[in-house]
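Step one of this worksheet: look at the structure below.
The values are calculated or read from the model by the stated rules, or taken from the named source; none is laboratory data. Here the structure is a predicted model, which means the values were calculated and not measured. Positions of Cβ are backbone-derived with ideal geometry, glycine not excepted, and every protein chain shown enters the neighbour counts. All accessible areas refer to the heavy atoms of the entire protein, side chains included, with ligands and DNA or RNA removed. Shrake-Rupley method; radii C 1.70, N 1.55, O 1.52, S 1.80 Å.
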Amino acid sequence: MNIEPLAQFELKTFIPIRIGPVDISLTNSSISMILATVLALFLLFVMTRRLRIIPHAAQSMIEVFYNFIVNMVYETIGTKGEKIIPFIFSLFLFILFGNLLGLFPYTFTFTSHLSVVGTMALLGLGLSTIIGIYHQGWRWLRVFFPAGIPVLLAPIIVPIEIISFLSKPFSLTVRLVMNMVVGHIMLDVIAAFVVALGLAGFVPLFFAGVLIIFEAGIALLQAYIYTILTCIYLSESFESHH
Amino acid sequence: MDDREQAFVKSKELEAKIKALHEQVVGKVPDRLDRQGAGLAVTIMSDLLGGLIAGGVIGFLIQRFFDTKPFILGIFIFLGGIAGLLNVYKYVRRIENGKNK
């Protein structure tokens, strides 16, 4: 029996669509993204219907998530970060639903693809640059040459700081993609053993069950880590460097 | 400081008071950071890796664009490694600052 743990990450085109040189085909990845977005919006809509001062179970559940993000933004950026709470909350829900949806059979984990996660990280980098220039003007460029460093060291410090700034989307992307890919490869390999071992397959089945629960935890933790690190990177744009 | 910031600072003070009282009654609760050791390790590792990749990509692009010798790539990978270390240092310093608050 062939075990191909990487086959699950292959893109499959369902409906080919092309506009000029741009390929916007509906693939398993884009369908999963649409599904995650629709599901998140639908749940938010259903759970926030008939809002009460003393929340019902569904409302309090969504409030827990929302407060969690609001607190995260307040703790990392402060009250001036209020305007980006919708962005951070959407980012968190998109990644969380992407990670969790990928755990179901026949679905596709789009958070395991560099192109998807990388684009989100670049969005964060672009936003942090825009916010920095908006808040501090061109003084924001001081982040590449912090105060108190001798001018003689500028030729060394400035390239390092620029690479350090540009490396943030890479580290964000690598972390999430690595976690998702490794988790799904492990699940695939163990699941293949369940079939291959016949009657003794219940042993790997037990492990696969435990691993699924573990992966669900990882899905939540990674969505949290991705969002809090984006907050930390964005917080540097709000701080002034004099 | 506006009203919202004051309210936020007050709520944090209250939280600290509750935590202190809670510790008196049930004993010290392990810090959140201590429980997230594995998460911290992955964060640090990907920061180091991210620096190297960013340095490599920038070096490669410069080398391709200006058609220079490969030593530019080497220099940028080296700088990327230092940038990764700098990111880890900034991250850890942030956690330390948060702990001392």
For the range B:48-69, indicate whether the set of residues that are touching a residue at least 12 places away in the same chain (Cβ under 8 Å), small (Gly, Ala, Ser) and more than 13 Å from chain A (Cβ to nearest Cβ) is non-empty.
no
Look through A:Thr129, A:Thr111, A:Thr107 and report the one residue that is open to solvent by 30 Å² or more (accessible area, probe 1.4 Å) and within 13 Å of A:Met33 (Cβ to Cβ).
A:Thr107
Any chance you could count how many residues in the range A:105-142 are at pLDDT below 90 and closer than 30 Å to A:Leu211 by Cβ?
3
Can you find, within the range A:151-161, the residue that is surrounded by the fewest Cβ atoms within 10 Å (Cβ to Cβ) among those that are under 16 Å from B:Lys90 (Cβ atoms) and at the interface with chain B (Cβ under 8 Å from one of its Cβ atoms)?
A:Glu161
Of these, A:Leu166, A:Leu152, which one is within 26 Å of B:Gly56 (Cα to Cα), in contact (Cβ under 8 Å) with a residue 40 or more places away in the chain and outside any loop (DSSP other than H, G, I, E, B)?
A:Leu166
Inspect the range A:31-54 for any residue being of a type outside the set (A, V, I, L, M), within 14 Å of chain B (Cβ to nearest Cβ) and in contact with a Gly (Cβ under 9 Å, 6 or more places away or on another chain) and give the result as yes or no.
no
